[in-house]
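All remarks here apply to the structure that follows.
The values are calculated or read from the model by the stated rules, or taken from the named source; none is laboratory data. What you are looking at is a predicted structure, and each value in this text was computed from that prediction instead of being measured. Cβ placement follows ideal geometry from the backbone for every residue including glycine, while neighbour counts extend to all protein chains displayed.
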Amino acid sequence: MERDDIIEYSLDAHHSEEKGVEIRKKIVQVTILLSAITAVEIIVGVFMGKRVVTPSTWVLIKYGYIVLTLFKAWYIIKEFMHLGHERKSFKKVVLYPYVFFIIYLIFILLVEGSAVFIHNNNFDWIQIYK
Amino acid sequence: MAGEASKAIDPKELWGGGRSPFSMSYGKMMMWFFLISDALTFGAFIVALGFLRYTYADWPVSEEVFFHIPFSHGHFPLAYVAFMTFVLIVSSVTMVLAVEAGHRMDKKNVIKWMAWTIVGGLIFLGSQVWEWGTFIAGPDGDITTWADNARIGWNPYGPPQYAQFFFCVTGFHGFHVFSGVIINIVLFINVILGTYEKRGHYEMIEKGGLYWHFVDLVWVFVFTFFYLI
């Protein structure tokens, strides 16, 4: 087992001037990436909105938005919140419980949401699933 | 920070059990745990929005609701929200630059970047106020005509839940930005007073930074699920 007390402690995480230049370069790269993704999302939102494109294209755009959002979120967590540089086990402590819970919540609420929609609109369950 | 350390942990910094789990200070880990619980709250908000949208066949399209910009009567769909998103991303970047300067014990640069972070937060808050005013005023853009103003029970755009979610989600997020700005101001004053210089490390900036980046992270999701989809 790795010993806990000989690993670089977070309070001692000082770095030199040269390392600082390197880190700042990375920060600038991530900034450009995040801004570019946001710009793409806005342009798609303005020129290919729900009312403009066909429903099937809109579904694709929606999934595209979700992928881009998760991509942005991952970069914010990894680089800005520095989780990518923490211990691997701590990364798991933070991410796994949340991800498991939220996937279940999304699944169950969206299923219930469509059930309420069907109920409100007096659709016939059997007809829909036949 | 994997690999061999340059020195052993100062015994004074160890937790009660005589060890330091994940090589992390107690305060920083508790900030992470707080952020997980806060993320559950926001996650519940956004998933509940998804639930409601699944129950309605039609829902307002934000390009047709959010097209105003200040000092103009033109039609600029999503332009102001894009500006707000950009402000928040940039203030997150200045925060991470303050953390980086703190790791070099560079007090001058920490002060500079913290100041810009606070400015960014204040611009975002002001924008949020303007956004609420415009949303409440409704299509005629006049907040003094009460009959067509958006409110909790009714709004001119769509189902009542549309305004309810706008007020709750962006309001709860805006309140987080507000408390983040207060935290940043406290940290800023402490940096100027030299509190962290004396302590030998700027970890407090890192903890405040975690909160501030979290606020940005939440906005990324609000932006996608409330404004874009």
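Restricting attention to segment B:47-73 and to residues that are among the hydrophobic types (A, V, I, L, M, F, W, C) and in a loop (DSSP other than H, G, I, E, B), the residue that is nearest to the other protein chains (Cβ to nearest Cβ) turns out to be B:Val61.
Take the conditions (1) assigned to a helix (DSSP H, G or I); (2) without any contact (Cβ under 8 Å) to a residue 12 or more places away in the chain; (3) facing chain B (nearest Cβ under 10 Å); (4) within 27 Å of B:Ile89 (Cβ to Cβ); A:Lys78 misses just one of them, which is (3). Has segment B:176-186 got at least one residue that is buried (at least 20 other Cβ atoms within 10 Å of the Cβ), under 20 Å from B:Leu40 (Cβ atoms) and within 14 Å of chain A (Cβ to nearest Cβ)? Within segment B:176-186, one or more residues are buried (at least 20 other Cβ atoms within 10 Å of the Cβ), under 20 Å from B:Leu40 (Cβ atoms) and within 14 Å of chain A (Cβ to nearest Cβ). Looking across segment B:17-39, the residues that are more than 7 Å from every other protein chain (Cβ to nearest Cβ) and over 14 Å from A:Phe90 (Cβ atoms) come down to B:Gly17, B:Gly18, B:Gly27, B:Phe34, B:Ser37, B:Asp38. Only residues that are away from every other protein chain (no Cβ under 11 Å) and either buried (at least 17 other Cβ atoms within 10 Å of the Cβ) or β-branched (Val, Ile, Thr) (or both) were counted across segment B:99-112, and they come to 2. Among residues of segment B:36-58 that are at pLDDT 95 or above, none has a beta-carbon under 6 Å from a residue that is surrounded by 17 or more Cβ atoms within 10 Å (Cβ to Cβ) and not in a helix (DSSP H, G or I) at least six positions away or on a different chain.
Quick check on segment B:146-189: of everything there that is free of Cβ contacts under 8 Å to residues at least 12 places away in the same chain, outside any loop (DSSP other than H, G, I, E, B) and more than 20 Å from the chain's Cα centre (by Cα), which residue is nearest to B:Leu210 (Cα to Cα)? Looking at the filtered set, the residue picked out is B:Ile189.
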